[in-house]
Amino acid sequence: MKTRKLKLIKKYIPIYVMILPGLIYLFFNNLMPLPGLVLAFKNYNARGGIFGSPWAGLQNFKYLFANDAWYITRNTILYNVAFIIVNTTLSVLVAIVLSEMTSKVKKLFQSAILLPYLLSMVIVSYLVYGFLSTDQGLLNKLLVSLGGESISWYAEGKYWPFILIFVNAWKGVGYSCIVYMSTILGFDRAYYEAAAIDGASKWQQIRFITLPLLKGTVVMMTMLAIGRIFYSDFGLFYQVPRNSGALYSMTSTIDTYVYRGLLEMADINMSAAAGFYQSIVGFILVLGSNLLVRRKDPDSALF
Amino acid sequence: MLESNSNKVFKIFSYILMSVLSITAIMPMLLLLTSSFTDNTTLVMNGYSFFPEKWSMENYRYILNNSTLIFNAYGVSIVLTATGTIIGTAMTVLMGYGLSKKDLPGRKIISFILILTLLFNGGLVPTYLVYTNVLSVKNTFWGLLLPGLLMNGFNVILVKSYFVSSVPEEILEAAEIDGAGEFKKFYTIALPMAVPIIATIALFIGMGYWNDWNNGYVYISTKTDLYSIQNLLNRIQQNLQFIISNASTSGVGQAANDIPSEGVRMAISILGILPVLIVYPWMQRFFIKGITLGGVKG
Amino acid sequence: MKKKIAMALILTLILTAFGGCGSNNNAEKSTTQNQEGTQNQANTQESAGTEIAYTGEPVTVVLSFLAFSMPSAEGEAAVEAAINEITREKIGVEVDLLPLDGGSYTQQIPLMLAGGEQVDAFSMLGMSYSTMVNSGYTLDLEENNLIQTYGQGIIEEVGAYLDGCRIGGTLYGLPQNRDLASPNGYMIANEYLDTIGYEYDAENVNRITEEELEDIFARLHEAYPDKTVLVEQQLARVSVFNDYAGGDWYGVLMDPANSLELTDLYSSQEYMDYCLQHYGWNRSGYISADALTNQDSAISLVGAGRAMAYACGIKPGIISQESQNTGRALSAFQTEEEYVMASGGFTTMCWSINSNTDNADAVMRLLNEFYINPALTDLLSYGIEGTDYVVSEEGFYTYPEGTDGNVGYHPNVVVFMFNEFIAGVWEGNDIDVWKQTKEMNEKATMSLAMGFTFDGSSVSAEYTALNNVYEEYRNQIEYGFLDPETGIPEMVSRMKAAGLDEYIAEKQKQLDEWAAAQ
């Protein structure tokens, strides 16, 4: 048994060489800083450095679970779930539709939907403001011209889940559909040709060939997204609502809470605690979902 | 061959969907474009509009006046993106291919480590300490290139699954029987079949570099000629934010006059988008190539 | 053969990944300079009477500060050289300036300090003094009699204000000489005052009552219904007479000259009155509907003609300063009579020395020199005379002809510098503006809590929760979008739920302890 393994290793030496640069990079970039996570449990003092500083137990985590703070966790989770559902559906839909297109217009469509991804969230927040500002926003101007009334968009929290989900999709779909598109491109055309000969319509082809083949990729992308479920796009939740207090209850996430709470404090310990908290939850969730997936469809599992 | 009705419906649906999405995507960008050509006082008075009252080239003139700074930043962005994309894509594809070998000893462990890096982050300070003290990249080009963006577990997983699902083992085994070693198998067979995924990864990594302002923000403090375009834009924004939140601290308000106005920021953003607008359509041909190759295989 | 090429390619990849070692970087610089430092620890001093001449290698001190306009490389080098000309012989120190731009300064300084890079002296602007001290970044300035030996000039210049930077009795920072307290008021554009026919003094500060202010606003609104009367901005403090002892507004001294009892500012009648006033203004239409989300500065809004007035600290020279900033003639209206010199105000922009510095003596000597030497202050604040600024006949400093402010070195930081009072006067101010500022400082009500700083680490969870609550309500209530009669009680009850009472109790405890130890 051992000799077999040794033989494999010897055979795969070139493969190990291929993997090596990546591993070295990951070592320096991701693994070496990892012990720094202990900062979450310490009270950092420059004289001791990271490892010499005194322990603080779980004190740095207290603020994340304050009485008032349950809504940030609720928001973070719900928004991420909504993002996963909306973005995946739209991305898959667009990917399928685009890959069936053959005309030159396709290139135009592809480029157009990718453009929003290139804008920084700050610029996006300006653009959103251009539409939603109370006095001069284009949306209000439109409403008034249609005989309706101006709405104070930045003062009413109830609209914002929709606004944020829309903005997030607007920005992200063009990018995430690329993954699905290249996956679809890799499918064996023979399946489609055979189905066409059998008289299957486009809709049927999609339902019975494309979607099942795509399942693995969708599962994998979803699991990775689940791993980030306690994280949020800071720009989206802080810049786009323009830090308007009236919207806090609907748009605050863990990341904005940490930022607002610490403001100028630059408290390394507390922000490390937040990062740790977010990572641990994501890790557990990914482990859990991976186990589930491994039972049903081992090839789609992450590990 | 006659097109069935349902296929026609599908086609119409496709075009309508994509048109709607494209217009939704582009419309705000047009707003961005028009505001970059708007006179700044008009911007403050009237807000954004598709048909501004007063057109002006003053924002672009400002850019030309500060051309050294801005075009230098442009250069930095381009070189950085090109270098990072080439090196990063190579590293990622190599690693992804390596991990696609199902019987590779240690595969599970390496995959686990990979996922671990995706989920856990040491944090800004520890990462900063590694890069500054151990690797000494602060205020150098490497400080822009190395941290975070060169390779990440997500891309590797994508490549790995692509190889697993789209490059059948039988072909590789056939080549092995013919006497090809591991490198040859990779180079002559797997690589050509992987063009779509390589293009995808290259696109992701490239966009990651192009859009990044964080590395420049953290690792470049004194060498202002290493600012990338997005970093520049972000710095302007951060400075403005700082001024606003400290507005009443004596004397801070004056500095607000030195910050480029909103219109200029819009113009810089447009500049930031242009190269991608040019490169991306050109790249799309690689996505199409895959079909022909894929169709050839038996 | 192909294998070999492939191997070579991969090797190249690995090597490029490691190529970063050995390139120009701060860490290397700091190690060599540290070595220099230890060698030069013993600077030979020959005392001839009171004059100390320094021989031997000068010590390099890195001075970091926030620059709103980053200087060009040449401009910075020129200023450094000029400064070194003076400091090299006089105090055996050479300075290495490290200006960083606004937003990144607050992020870079803690990172550099944690990373052990050489940053010997830095300003606390934008950062929390108590957090920095608690993290152990700052040096005890009285250790080994450091400031007494090398900083006599500072002690003389700053006087009693020095105590304002003590935490738990230990001195960690150096306060500045600048405008430390000013009454609140409003700047209104003259053009609109003329239209409504209001008589005002364009040269001096107009003292008016709250009722007169209401009247002015009402008439302005009537004359210009489409313009915003008042731009709401987040002021450092609301215009309510109090001392925010301990550095934050959760528990303040409402009667700072007489009492050391902390009360909740937000439950006070004064705060309610302030918010009711703005609520009234908002209902009357004086405030823009977009005030909640506005990100344009008051200066740009008034300058563009979209708004007519804004609140401002009325300090000497404010009229010409603001008029220049907005590009419009403005007049100043002061409504406050009394104003507090906040006990926590000294640490907003104080200067500290890195606790890990190799050459505390040299740093202190340098800082001392900055506090007493006008030439150095001018160099640091304004650059090189002739290139970056010129002095007019009347003695004002201004940009050289034809440069339009586009000079090599003008970081726009005079107010963050050590001793503003010995710097040159920039054009647009009165020539004796520093004297006036000193007088204004002296007229302020001094707080009994002068010298008290609060260590909030045991109540940091409450602090973050309180911040979040306050940020949520702040603009809505203070800009008059929410009825204070209902809004304030709601905010206060949520603050109490977030731990307001515990926070104030802790602060009071520390305040009492400090007072007893005086």
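All of the numbers you see were taken from the coordinates with simple rules; none came from a lab. Computed from a predicted model, the values in this text were never measured in an experiment. Virtual Cβ from ideal backbone geometry, glycine too; neighbours counted across all protein chains shown.
Brief remarks on what is shown
- Between the alpha-carbon centres of the stretch A:1-80 and the stretch C:343-402 there is a gap of 44 Å.
- Signed unit charges on C-beta, dipole axis of the protein assembly as shown, positive-most listed residue B:Tyr227, C:Gly136, A:Ser232: A:Ser232
- Rg/Rh for the stretch C:204-322, where both radii come from Cα atoms and Rh is the Kirkwood radius: 1.00
- Note on the protein assembly as shown: along the principal axes its Cα atoms extend 94, 79, 59 Å, ordered by decreasing extent.
- Spatially, the stretch A:207-265 and the stretch C:196-233 are offset by 46 Å when compared through their Cα centroids.
- Largest mean-square fluctuation among A:Gly216, A:Gly245, A:Gly52, in a Gaussian network model of chain A whose springs join Cα atoms under 10 Å apart, belongs to A:Gly52.
- For C:Asp430, A:Asp267, order by how many other beta-carbon atoms lie within 10 Å, fewest first: C:Asp430, A:Asp267
- Proximal lysines relative to C:Lys443, as straight alpha-carbon distance under 22 Å, when same-chain residues fewer than 8 apart are discounted: C:Lys315, C:Lys435
- For C:Val425, distant residues with modelled amide H under 5 Å away: C:Tyr397
- Largest GNM mean-square fluctuation across B:Ile16, B:Ile177, B:Ile198, computed for chain B with C-alpha springs under 10 Å, falls on B:Ile16.
- Helix axis angle, C:26-39 relative to chain C longest principal axis, alpha carbon, degrees: 70 degrees
- The relative contact order of chain B, computed from alpha carbon pairs under 8 Å that lie at least 6 residues apart in sequence, is 27 percent.
- Shielding by partners for peptide B:85-91, expressed as the average number of C-beta atoms from other protein chains within 10 Å of each residue's C-beta, is 4.
- Relative contact order (%) - chain C, alpha-carbon pairs under 8 angstrom, separation at least six: 23 percent
- Only helical runs count toward this figure. For chain A, summing -39,500 (n - 2.57) over DSSP H runs of n ≥ 4 and dividing by all residues gives -20000 deg cm²/dmol at 222 nm.
- Across all C-alpha atoms in the stretch A:204-252, the radius of gyration and Dmax reach 17.7, 50 Å.
- Long-range amide H partners of C:Asp96 with built H, under 5 Å: C:Val61, C:Val62, C:Leu63
- Those lysines that a straight Cα-Cα span of less than 26 Å connects to A:Lys5, excepting residues fewer than 8 apart in one chain: B:Lys101, B:Lys102, B:Lys108, B:Lys160, B:Lys184, B:Lys185, C:Lys3, C:Lys4
- Between 0 and 90°, nearest 10: helix C:500-517 axis offset from chain C longest Cα axis: 60 degrees
- Along each principal axis, Cα extent of the stretch A:1-149, largest first, Å: 78, 54, 27
- Cβ neighbours within 10 Å from other chains - mean over B:200-211: 2
- Each Cα pair of chain A feeds into the Kirkwood radius, which the Stokes-Einstein equation turns, at 25 °C and 0.890 mPa s, into a diffusion coefficient of 106 µm²/s.
- Order of A:Phe166, B:Phe154, B:Phe242 under a 10 Å beta carbon neighbour criterion, fewest first: A:Phe166, B:Phe154, B:Phe242
- The stretch A:189-303 - Kirkwood radius from inverse mean 1/r over Cα pairs (Å): 17.7 Å
- Amide H within-cut-off set for C:Tyr389, under 5 Å, with H built and near neighbours excluded: C:Ile384
- When the alpha carbon gyration tensor of the stretch B:97-254 is reduced to an equivalent ellipsoid, its three semi-axes come out at 44, 17, 14 angstrom, largest first.
- Legend: mean number of C-beta atoms from other chains within 10 angstrom of residue C-beta atoms, peptide A:277-284, equals 3.
- J(HN,Hα) series, the stretch C:211-217, from Karplus relation 6.51 cos²θ - 1.76 cosθ + 1.60, nearest Hz, glycine and proline x: 5, 5, 4, 3, 4, 4, 4
- The angle separating the long axis of helix C:269-283 from the principal Cα axis of greatest extent in chain C is about 70 degrees.
- Applying the Kirkwood pairwise sum to the alpha-carbon positions of the stretch C:75-230 produces a hydrodynamic radius of 20.6 angstrom.
- Taking the Cα atoms of chain C, the ratio Rg/Rh between the radius of gyration and the Kirkwood radius comes to 1.01.
- Of the trypsin sites (Lys or Arg not before Pro) found in the stretch B:40-108, those that fall in a DSSP loop while having at most 11 other beta-carbon atoms within 10 Å are B:Lys102.
- Of the DSSP H helices in chain A, those whose Cα atoms cover at least 24 Å axially and whose Kyte score averages 0.5 or more: A:70-100, A:160-185, A:268-296
- Fewest-first sequence of C:Glu393, C:Glu94 by Cβ atoms within 10 Å of each Cβ: C:Glu393, C:Glu94
- Average Cα contact separation per residue, chain A, under 8 Å, 6 or more apart, as relative contact order %: 26 percent
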